[in-house]
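Next up is a structure, given as structure tokens.
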Amino acid sequence: MKRQPAIFVSHGSPTLPLERNAATDFLRQLGPSLGRPDSILVLSAHWDTTRPAVSAAEHPETIYDFYGFPPELYRLRYPAPGAPKLAERAAGLLETSGLRTDIDPARGLDHGAWTSLMLMYPAADIPVTQLSIQSRLGPGHHVRLGEALRPLRDEGVLVFASGGATHNLRELGRQRGNPVPQPWTVEFNEWLADALKSRRTDDLIAYRGRAPHAVRNHPTDEHLIPLFVALGAGDPGGSTQRLHSSIESGVISMDAYQFD
């Protein structure tokens, strides 16, 4: 059984599957380059609970957790099979690590999960389940959560975290369509890349006080939180690869990372 990496991608707008840009071109080749995992455990910025919860749905629905977008977006489906056994295994690992975990019998895949997976694995034939984040508990909690999930990688499971390397919708409203990356976004983005490549975990956990322009790029934590799960699921002392880097509308980083 091939050992799987832990991956973080920035999922951008819900319209991601309808777009054609550097980030979507990257995602379309990412699945084939990674190969086919036995199953996928996905963490998205858009399922946020007070304590960990994992979906045991046998046929996860495609959740449209957004409004006001083109009608063709709501016609898209990602009918991947569920992975209830993986859900039980993930919950067991978390419980063993002292993280009380709920199992949701019906939760589907929100757009943070399915929009990227639709580009990576368009056949939708790999079993997938989703695990929630707990943004109020902060980055350190999610590094610990990722560490608990690390054994899944030896069981053919792709740990797939989906969020945003930067995420400020108010700034996006001001800059939408601007092809010029804003300096304060670039500076934060490069700090993040350097800290990840150097595995400066303490700096990353305290990023809101240590990274330049951190609060301007992330008014709230939730879109960066999945990154910390992928970081924790990586091997201690292992390598970090920056798989992709691009900035949309001046302020939305679409960076992606792999942790081995």
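The values are calculated or read from the model by the stated rules, or taken from the named source; none is laboratory data. Here the structure is a predicted model, which means the values were calculated and not measured. Every residue, glycine as well, gets a Cβ built from its backbone with ideal geometry; the counts of neighbours run over all protein chains shown. The protein model used for the area step is the full one, side chains on, heavy atoms only, and it has no ligands, DNA or RNA in it. Shrake-Rupley method; radii C 1.70, N 1.55, O 1.52, S 1.80 Å.
Modelled with pLDDT under 95 and more than 22 Å from Ala113 (Cβ to Cβ): which single residue out of Gly209, Gly173 fits that description?
Being modelled with pLDDT under 95 and more than 22 Å from Ala113 (Cβ to Cβ) holds for just one of Gly209, Gly173, which is Gly173.
For Arg20, only one of the following conditions fails: (1) open to solvent by 20 Å² or more (accessible area, probe 1.4 Å); (2) part of a loop (DSSP other than H, G, I, E, B); (3) in contact (Cβ under 8 Å) with a residue 60 or more places away in the chain. What is its number?
Result: Arg20 passes all but (3).
Take the range 37-61 and flag every residue that is assigned to a loop (DSSP other than H, G, I, E, B) and of a type in the set (A, V, I, L, M).
Ala56, Ala57
In the range 222-248, which residues are open to solvent by 30 Å² or more (accessible area, probe 1.4 Å) and out of contact with any Lys or Arg (no Cβ under 8 Å at 6 or more places or on another chain)?
Passing the criteria: Glu222, Pro236, Ser239, Gln241, Leu243, Ser245, Ile247, Glu248.
Pick from the range 27-85 the residues that are among the polar types (S, T, N, Q) and within 17 Å of Gly163 (Cα to Cα): which of them is nearest to the chain's Cα centre (by Cα)? Write out each step before concluding.
Step one: list which residues in the range 27-85 are among the polar types (S, T, N, Q), which gives 29, 33, 39, 44, 49-50, 55, 62.
Then drop every residue that is not within 17 Å of Gly163 (Cα to Cα), which leaves 44, 49.
Values: Ser44: 5, Thr49: 16 Å.
Across the range 27-85, the extreme among qualifying residues is Ser44.
If I filter the range 148-157 for residues that are part of a strand (DSSP E or B), at pLDDT 95 or above and open to solvent by less than 20 Å² (accessible area, probe 1.4 Å), do I get at least one hit?
Yes, the conditions are met somewhere in the range 148-157.
Identify the single condition in (1) more than 24 Å from Leu131 (Cβ to Cβ); (2) in a loop (DSSP other than H, G, I, E, B) that Ala165 does not satisfy, given that it satisfies every other one.
So the condition that Ala165 fails would be (1).
Hey, could you check the range 75-122 for residues that are of a type in the set (Lys, Arg) and open to solvent by 60 Å² or more (accessible area, probe 1.4 Å) and say which is farthest from Asp38 (Cα to Cα)?
It comes out as Arg75.
List the residue pairs whose Cβ atoms are under 6 Å apart, where the first residue sits in the range 231-246 and is within 23 Å of His11 (Cα to Cα), the second is surrounded by 14 or more Cβ atoms within 10 Å (Cβ to Cβ) and among the acidic types (Asp, Glu), and the two are 6 or more positions apart or on different chains.
These pairs meet every condition: Gly232/Glu147; Ser245/Asp255.
For the range 123-143, how many residues meet the condition of being open to solvent by 10 Å² or more (accessible area, probe 1.4 Å), in contact (Cβ under 8 Å) with a residue 60 or more places away in the chain and assigned to a loop (DSSP other than H, G, I, E, B)?
1
I would also like to ask the following. Sort out which residues of the range 62-86 are among the aliphatic types (A, V, I, L, M) and either at pLDDT below 95 or part of a loop (DSSP other than H, G, I, E, B) (or both), and write them in order of number.
Ile63, Leu76, Ala80, Ala83
Just to be sure I understand, how many residues within the range 207-225 are assigned to a loop (DSSP other than H, G, I, E, B) and of a type in the set (D, E, K, R)? I'd like the intermediate steps shown before the answer.
In the first step, residues of the range 207-225 are kept if they are assigned to a loop (DSSP other than H, G, I, E, B); the result is 211-213, 218-224.
After this cut, where a residue has to be of a type in the set (D, E, K, R) as well, the list is 221-222.
Looking only at that region, the number is 2.
Further question: Taking the range 190-221 as the search range and keeping residues that are of a type in the set (Lys, Arg) and at negative phi, which one is least open to solvent (accessible area, probe 1.4 Å)?
Arg200
Do we find that Pro105 is within 30 Å of Ser253 (Cα to Cα) and more than 16 Å from the chain's Cα centre (by Cα) in this structure?
Working: within 30 Å of Ser253 (Cα to Cα): no; more than 16 Å from the chain's Cα centre (by Cα): yes.
So Pro105 does not fit the description; no.
Would you call Leu204 in contact with a Pro (Cβ under 9 Å, 6 or more places away or on another chain), of a type in the set (A, V, I, L, M) and assigned to a helix (DSSP H, G or I)?
Here the answer is yes, as Leu204 does meet what is asked.
Quick one: count up the residues across the range 191-237 that are in contact with a strand residue (DSSP E or B) (Cβ under 9 Å, 6 or more places away or on another chain) and of a type in the set (A, V, I, L, M).
10
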